[in-house]
Amino acid sequence: MEAAIAILALMFVAFVVLGVYLAVKAVGAARRGVERTVTQARKAVEDTTLRAKSMGQVGVAGELAQLRLSLRTSMRATQDALHARVEQDESLKESLSLFERLSGHGHELDDELKRLEREPDKLRVGQRMPELRERTERITHAADSLRWATRDRARQFADDDLAALSAEIEVESGALRDWATKGPTTGVPADAPTDVPGGIPGSAFDPAAGTAADAPQAIGATRPAPTYPWQKTAKPETTN
């Protein structure tokens, strides 16, 4: 009795621990989902704000917003392209590692551009614009190069797969048309005996199926004229 009570107590404790573990996992997943949603919403708001500044402001402020928007758009597009293909192509892991290093430079430049947007000394910011443009172009060019190489690789894989599939289909089509090289097929197997007593079952010469008169006539053979119910019966000639 005491052993049964101990087993029940252990099972109860195990269920409680399992329930607490599942609850913690569910809360963590929900928190990560909320954080991901908040992050995406914040990025969307920032991109919209930068787009509005780049079009609505002139001078240094508008150019800084344009640089930030170009940088963020290029980096995000490359990140999405790599993450979408890395599970299908293991060789892209090295490219993803390089992109993560490039992302460090991108984040550093974006933070610097963001600080310069609040800088009151616009004259000094204007003097740094050539260097900032060059850094932005170098980073976006590297990101664009990775993105387009990833897309070209995916397209090449798709073309190779399509070519292999087309070749297999041609082979299968040839196999399906193999009957054309073997001549017409008949309903009677090639190894079936032809001199079976009583005729071939089911054929025109099968005694159980009918007589030879019921068999199909050869082409050009004379056939008896058909009679119809409306024809008069010919009377026999009488001799006087």
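The values are calculated or read from the model by the stated rules, or taken from the named source; none is laboratory data. Owing to the predicted nature of the structure, the values given are computational and were not obtained by experimental measurement. We place every Cβ from the backbone using ideal geometry, glycine too, and count neighbours over all the protein chains shown.
Structure summary
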read-out	value
Among the residues listed as A29, A14, A52, A77, the single one being small (G, A, S), modelled with pLDDT of 70 or more and over 38 Å from the mean Cα position of the chain (by Cα)	A14
Yes/no for R147 being touching a residue at least 24 places away in the same chain (Cβ under 8 Å), closer than 18 Å to S91 by Cα and either among the hydrophobic types (A, V, I, L, M, F, W, C) or assigned to a helix (DSSP H, G or I) (or both)	yes
Residue among V20, V24 that is more than 37 Å from the chain's Cα centre (by Cα), at pLDDT 70 or above, surrounded by 10 or more Cβ atoms within 10 Å (Cβ to Cβ) and farther than 29 Å from D110 by Cβ	V20
